[in-house]
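Reviewing the structure listed below.
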Amino acid sequence: MADIYQAIKVSEHVYWVGAIDWAIRDFHGYATPHGSTYNAYLVMADKITLIDTVKTPFMDEMLARIASVVDPSKIDYIVSNHSEQDHSGCLLQVASLVRPEKIFASVMGVKTLGEILHENHSIQPVKDGEVLSLGNMDLKFMETRMIHWPDSMFSYLEKDGLLFSQDAFGMHLATFERFDDELAADMLEYEAATYYANIVLPFSGSVLKTLEKVAATGWAIKIIAPDHGPVWRKDLSFIINLYKKWALQKPAGKAVVVYATMWHSTEMMAKAIAESLAQEGIRVRLLNVDDAHRSEVLYEILEAGALIAGSPTLNNHMMPQMADVMTYMKGLKPANLVGAVFGSFGWSGESLKDLEAMLQAMKVEIVADTVSVRHVPGADVLQKCHELGKTVAVELKKRLS
Ligand code: FEO
């Protein structure tokens, strides 16, 4: 195995020893059509240190990559920057094989690992700002609560200017390329944005605080090594500035019209609204939830300023596939959106009330009257849809800085 799986050198003292998951297509509800990686890193210090582990089925791959550098039994320390199972699931199995001198996690990490692994007495808590000597170099810890779990922390290897950032700055992308400069910038931006929209978005306030906290340390960071996707080494401002932009959630001149349809009536209305928005100079994404996965909808919302949602009524509610997308979206807390609601119905029309309530719960500012129709829209209703689109466009433009 060691001959098949090789470690990849990341910096003078650090190797990538993670695993590539070519097959994963769903990550707790987030579509991952391009797979993922679970990144673990080996620090070849006096005290040989493993930063994070991998999803359990990939443990042997990780151990083989470690073995291409050093006998895994030589590992002295393991640091768990994040307790989620894709990084900790095999932690105790690895520990039983490697028998490290010590295992470290944040204070919350020790608690969370205890709840996940049901054994944490061997794990030592480290505090925010604590420094761990690895003999000939130091590892510094920074709590990054809620990016994206309460236990999350960064570790910084000053000697190599390398920040181990766990999930932050990551992406779900399976490749043999391990570095940002080996991949196209537009692909990196798309995958990082999709990851941000589907994982990090609700914690944007914590992102802004953490970026300030890191800047205040004066750390001379040259490399950011996340737990998924490529290592950033080319131009760190590329991903840091994207994170600042996404975290600020400023309204943009883009509208997402997302809808479900039964007999194409709501679809006719959606198209009329989208045409109107486009005529007003707004960039529009028209998404039928039967075609667009919830992850794609969130990607499109990330840099939008308006959300217009439509659904027919089925059994006194919005269509179930629309409820799926809206529930997912509500949990990810997109901010600073204007919006409106539309849809067709046969008898009672509860889908409109469902959608209005959902937008209100998401703090979307409803700026146009709801347009609804019994059965099939005629020219008068389509004209109302056109006016709805125009109203949303006008209100959105007022909010653009
Ligand atoms: Fe990659 Fe939050 O786990």
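The values are calculated or read from the model by the stated rules, or taken from the named source; none is laboratory data. Given the structure is predicted, the values throughout are model-derived calculations rather than measurements. A quick note on method: Cβ atoms are made from the backbone with ideal geometry, for glycine too, and the neighbour counts reach across all protein chains shown. Remember, those area values only see protein heavy atoms, side chains included, never the ligands or the DNA or RNA. Shrake-Rupley method; radii C 1.70, N 1.55, O 1.52, S 1.80 Å.
Mind ranking 278-288, 52-62 by how tightly packed they are, going by the mean number of other C-beta atoms within 10 angstrom, highest first?
52-62, 278-288
Sorted from largest down, what three extents in whole angstroms do the Cα atoms of the chain have along their principal axes?
76, 41, 35
Distance cut-off 19 Å, Cα to Cα: go down the list Lys245/Lys390; Lys250/Lys384; Lys47/Lys159; Lys55/Lys222; Lys47/Lys234 and report the pairs above it. List each step's numbers first, then the result.
On the way: Lys245/Lys390 27 Å; Lys250/Lys384 29 Å; Lys47/Lys159 14 Å; Lys55/Lys222 27 Å; Lys47/Lys234 28 Å.
As for pairs spanning more than 19 Å Cα to Cα, those are Lys245/Lys390; Lys250/Lys384; Lys55/Lys222; Lys47/Lys234.
Nearest 5 percent is fine: what portion of the DSSP beta bridges confined to the chain is antiparallel? Write down the numbers at each step before the final one.
Numbers: 27 of 65 bridges.
Of all bridge pairs located within the chain, approximately 40 percent are antiparallel.
Fully extended, how many nm does the chain gain between Asp71 and Met262 (0.36 nm per residue separation, minus their Cα-Cα distance)?
Difference between extended and current length: 62.7 nm.
Assuming R0 = 56 Å, what is the FRET efficiency of Ser348 and Glu177, from their Cβ-Cβ distance, to the nearest 0.05? Please report the intermediate quantities before stating the final value.
Details: r = 54 Å, r/R0 = 0.97.
Between Ser348 and Glu177 the formula returns 0.55.
State which helices in the chain qualify, where a helix is a whole DSSP H run, it must extend 24 Å or more along its own axis by its Cα atoms, and its mean Kyte-Doolittle hydropathy must be at least -1.0. Kindly include the intermediate steps, with their values, before the conclusion.
On the way: long enough: 379-398 (29 Å, -0.19).
In the chain, the long hydrophobic H runs are 379-398.
In the stretch 228-272, how does Rg compare with the Kirkwood Rh, expressed as the Rg/Rh ratio over alpha carbon atoms?
Numbers: Rg = 18.5 Å, Rh = 14.3 Å.
Taking Rh as the inverse mean 1/r over Cα pairs, Rg/Rh reads 1.29.
Given a Förster radius of 30 Å and the C-beta distance between Arg283 and Gln360 as r, what FRET efficiency does 1/(1 + (r/R0)^6) yield to the nearest 0.05?
Details: r = 25 Å, r/R0 = 0.84.
Efficiency, from the Cβ-Cβ distance: 0.75.
Could you give the length gained on full extension between Lys397 and Thr217, defined as 0.36 nm per residue of separation minus the Cα-Cα distance, in nm?
60.9 nm
To the nearest 20 debye, what is the magnitude of the charge dipole of the stretch 1-157 about its Cα centre, counting +1 on the Cβ of each Lys and Arg and -1 on the Cβ of each Asp and Glu?
Details: 12 positive and 20 negative charges, 17 e Å.
Dipole size: approximately 80 debye.
Can you send over the carbon and sulfur percentage of the accessible area for the stretch 8-247, probe radius 1.4 Å, protein chains only?
Numbers: 4700 of 8810 Å².
C and S atoms contribute 53 percent here.
Which value, in debye to the nearest 20, describes the size of the charge dipole of the stretch 255-394 about its Cα centre when Lys and Arg Cβ atoms bear +1, Asp and Glu Cβ atoms bear -1, and nothing else is charged? Walk me through the numbers on the way to the answer.
Details: 11 positive and 16 negative charges, 36 e Å.
Taking the Cα centre of the stretch 255-394 as origin, the dipole is about 180 debye.
Could you tell me which of rounded, prolate or oblate describes the stretch 273-401, using a ≥ b ≥ c as the square roots of the eigenvalues of the alpha-carbon gyration tensor, with rounded for a/c under 1.5 and, failing that, prolate when a/b is larger than b/c and oblate otherwise?
On the way: a/c = 1.63, a/b = 1.11, b/c = 1.47.
The shape class here is oblate.
Can you give the charge dipole size of the chain about its Cα centre, rounded to the nearest 20 debye, using +1 on the beta carbon of Lys and Arg and -1 on the beta carbon of Asp and Glu? Intermediate results must be reported in sequence, preceding the final value.
Values: 37 positive and 50 negative charges, 202 e Å.
In debye, rounded to 20, the chain gives about 960.
Give me the distance between the Cα centres of the stretch 91-126 and the stretch 183-258, rounded to whole Å.
Measuring centre to centre over Cα atoms gives 29 Å.
Say R0 is 45 Å: what FRET efficiency, to the nearest 0.05, do Gln85 and Arg374 get from their beta-carbon distance?
Numbers: r = 49 Å, r/R0 = 1.09.
The formula returns an efficiency of 0.40 here.
Using alpha carbon centroids, what distance separates the stretch 1-50 and the stretch 289-349, in Å?
36
Let me make sure I get this right: for the stretch 8-247, a, b and c are the square roots of the gyration tensor eigenvalues over alpha carbons, sorted descending. Under 1.5 in a/c it's rounded, otherwise prolate if a/b > b/c, else oblate. Which is it?
Values: a/c = 1.32, a/b = 1.22, b/c = 1.08.
Rounded is the answer for the stretch 8-247, as its axis ratio a/c remains below 1.5.
Set Lys and Arg Cβ to +1 and Asp and Glu Cβ to -1, take the dipole of the stretch 255-394 about its Cα centre, and tell me which of Ala306, Gln383, Gln279 lies farthest positive.
My answer, from the dipole projection, is Ala306.
Roughly what % of DSSP beta bridges within the stretch 65-165 run antiparallel, to the nearest 5? Provide the component values of the computation, followed by the final result.
Working: 11 of 19 bridges.
Antiparallel bridges: around 60 percent, rounded to the nearest 5.
With every protein chain in place, what's the accessible area of Leu92 (1.4 Å probe, Å², nearest 10)?
Counting only protein heavy atoms, Leu92 exposes about 50 Å² to solvent.
Keeping every protein chain in place, order His264, His228, His386 by accessible area at 1.4 Å, biggest value first, i.e. largest first.
On the way: His264 105, His228 0, His386 60 Å².
The most accessible residue leads, giving His264, His386, His228.
If you take every DSSP beta bridge whose two residues both sit in the stretch 8-247, what share of them, in percent to the nearest 5, is antiparallel?
Numbers: 25 of 41 bridges.
Counting only bridges with both partners in the stretch 8-247, antiparallel ones make up about 60 percent.
Could you state how much accessible area Ser80 has, in square angstrom rounded to the nearest 10, with a 1.4 Å probe and all protein chains kept in place?
Around 10 Å² of this residue is reachable by solvent.
Equivalent-ellipsoid semi-axes (√(5λ), Cα gyration tensor) for the stretch 111-166, whole Å, largest first? Kindly include the intermediate steps, with their values, before the conclusion.
Working: eigenvalues 99, 43, 15 Å².
So the equivalent ellipsoid measures 22, 15, 9 Å along its semi-axes.
Using a 1.4 angstrom probe on the protein heavy atoms only, line up Asp167, Asp291 by accessible area, largest first.
Values: Asp167 5, Asp291 125 Å².
My answer, sorted largest first, is Asp291, Asp167.
Decide, for the stretch 245-326, between rounded, prolate and oblate: order the square roots of the alpha carbon gyration tensor eigenvalues as a ≥ b ≥ c, take rounded if a/c falls under 1.5, and otherwise choose prolate if a/b is larger than b/c, else oblate.
Numbers: a/c = 2.52, a/b = 1.41, b/c = 1.79.
Oblate shape, in that a/c is at least 1.5 and b/c is the bigger or equal ratio.
Positive end of the charge dipole of the chain (Lys, Arg +1 and Asp, Glu -1 on Cβ, about the Cα centre): tell me which of Val258, Met137, Gln166 has its Cα farthest that way.
Val258
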